[in-house]
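The values are calculated or read from the model by the stated rules, or taken from the named source; none is laboratory data. Predicted model only: the values in this text are computed from it and were never measured. All Cβ positions, glycine included, derive from the backbone under ideal geometry; neighbour counts span all protein chains shown. Protein only, heavy atoms only, side chains kept; ligands, DNA and RNA dropped before computing areas. Shrake-Rupley method; radii C 1.70, N 1.55, O 1.52, S 1.80 Å.
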Amino acid sequence: MSTDTATTTETTDEGPVVTFADLGLSDPVLKAVKDIGYETPSAIQEATIPTLLEGRDVVGLAQTGTGKTAAFALPILSRMESGSKVPQALVLSPTRELALQVCEAFEQFASHMKHVHVLPVYGGQAYGVQLSALRRGVDVVVGTPGRIMDHIAKGTLDLSELKYLVLDEADEMLKMGFAEDVETILAETPDDKQVALFSATMPAQIRRISQQYLTDPSEITVKTKTKTAANITQRYLMVSYPQKVDALTRILEVEDFEGMIIFVRTKSETETLAEKLRARGYAAAAISGDVAQAQRERTVNQLKSGKLDILVATDVAARGLDVDRITHVVNFDIPVDIESYVHRIGRTGRAGRKGDSISFVTPRERRLLSAIERHTKQPLTQMQLPTIEDVNETRLSRFDDAITAALEQQDRIEKFRDVIAHYVRNHDVPAEDVSAALAVVAQGDSPLLLDPNEDQLRNQVDRDGRRGERRDRDDDRGGREDRGPRRSQPMTAYRIEVGRRHRVEPRQIVGALANEGGLRRDDFGAIQIRPDFSIVELPESMDPGVLDRLSDTRISGKLIEIKPDRRGGARRYDRDDRGPRGPRRDDRGPRRDDDRPRRDDRRDDRRDDRPRYDDDRPARKPRH
Ligand code: AMP
């Protein structure tokens, strides 16, 4: 099956909205989706969920950010039977970060299914924790292939009753050297299990695996025919989640907008963000699918008449919205689908006017941005966060404008002129000082100008931007595989007891060590495969705990027994000594490690009590 969704900017008369309830999901799952606040299924979800619910195998071409986790987790949970002691579902993920993230998503989606237990199983975590959880009984296991294989080898993971197997980011798993493990797991689990394979790309090896191990899979590709209007200037800002509100505030200060729609992903976020903007002096309101139609119409009319300047909306709430005053669309959260993007930015530039769109892109959403650019065939321009100087300049020019506008009200000026003249005469103070004093009264407690030396926000956002660009360049070169080690850090050579004889490849070493030891792609230096052992360069400053965590690690079933190499490092072996593949640059480093925030960071991301840059608040509600 292939879903072909046609969308243009002029879609004001969209067809009926498909809801999660239309897809056949179970009640507790639907309830959880409602709690989370997803409004409508994304394209991949709309296509995949009914197919998986039917029991059919699926090959889904989808990348991160499209909502693929829910696309497989929701139907699996909907069909899950209670009371099983051994795992019913297994999700294989390339990295532990992704495994933890998928686990967290499963837990959220299963929040109304008290009996369902989800367990992350990844390298680097003590076996004890995993073993006792497995003994107690789990329904869903989400793990990295290496550690799952270890458990299978030890007989501690019973997959004999497995009903669902998901290969998440299959292409990444292969790049990390897990092909053999994945195939073994596919072959050693029950024949009648249902398999869902997700991959951003479809190299021949994945096609072969799907032909060999999947049964008549439904191939789901969400193609989008999209066109964005040329009268809309499209920009993006690389910004990480915790900085978004402050970045938005600064953009609002500097951009010359009349009406604005800010899009967020969930209904609950519409209200939270609108509230924050109101607290910062903006005339903002929230609309989402939960807002009653009459109220929604009232709010839209207020935007039309200028009573409101900003609407914070979800996709559904903004469907077909046609308000000429909207000069700007901000994607506070980049949308999960390309057609949503096209629809969103089509809310500006109405009636032949010019429009502006600004999309916030977090470093790990960079690929989604590339997909949007590719499909709409229009590049987005990267913007920089306005500096404090920019903000000050805008504030000064608004201040000037306010004086000019007041001076035009001659009759009122007349009345005050005598009052001021009286004050100047009686207090012997120059008229400029009196004007300045009146400005202080008008300004209140908040400063008119900010200190340009105190621009932590800009520094932070610039750092995020550079991270995004770096990833961009890597993507252009064909992704992580071309990446070399971070050369600036001193390295130490380690010996591991697997070599060419064990058919080990550098990418397997990177995959296993990264996952088990919690290392990052930048941590890997040269890797040499010798007949009986291999030499891996790792940072001299590496936490000694990493070696402990690696003490049980196996590659191709063999304990690696990692220890510092006494012969003095990879470079001491001359070229001829190297294995047939040699230390290839293209075998280094799992990209995911950097792409995904660690679990704790992600928690932080969601905190609402993060510090605000109060000084960034507008001196008053900006004039539009
Ligand atoms: P994924 O591609 O699974 O990593 O999901 C990307 C992001 O989209 C995650 O933050 C999800 O919570 C979010 N998401 C998934 N499905 C939806 C949906 N139907 N509506 C809004 N957000 C979603």
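Structural remarks
- One residue alone among V342, V336, V330 is in contact (Cβ under 8 Å) with a residue 40 or more places away in the chain and within 16 Å of the ligand (Cβ to nearest atom), and that residue is V336.
- Among the candidates L53, L74, the residue that is within 30 Å of G137 (Cα to Cα) and within 13 Å of the ligand (Cβ to nearest atom) is uniquely L74.
- Here region 98-117 is the region considered, the condition is being touching a residue at least 12 places away in the same chain (Cβ under 8 Å), open to solvent by 20 Å² or more (accessible area, probe 1.4 Å) and over 25 Å from V546 (Cα atoms), and the residue that is farthest from the chain's Cα centre (by Cα) is H115.
- Hits in region 90-120 (condition: more than 16 Å from the ligand (Cβ to nearest atom), closer than 16 Å to V29 by Cβ and touching a Phe, Trp or Tyr at 6+ places or on another chain (Cβ under 9 Å)): V116
- Selection of strands (runs of 3 or more DSSP E) fully inside region 1-97 by the criterion of at least 1 residues being surrounded by fewer than 23 Cβ atoms within 10 Å (Cβ to Cβ) and at pLDDT below 95 returns 3-7, 58-61.
- The single condition from (1) open to solvent by 50 Å² or more (accessible area, probe 1.4 Å); (2) among the charged types (D, E, K, R); (3) touching a residue at least 24 places away in the same chain (Cβ under 8 Å) that D400 fails is (3).
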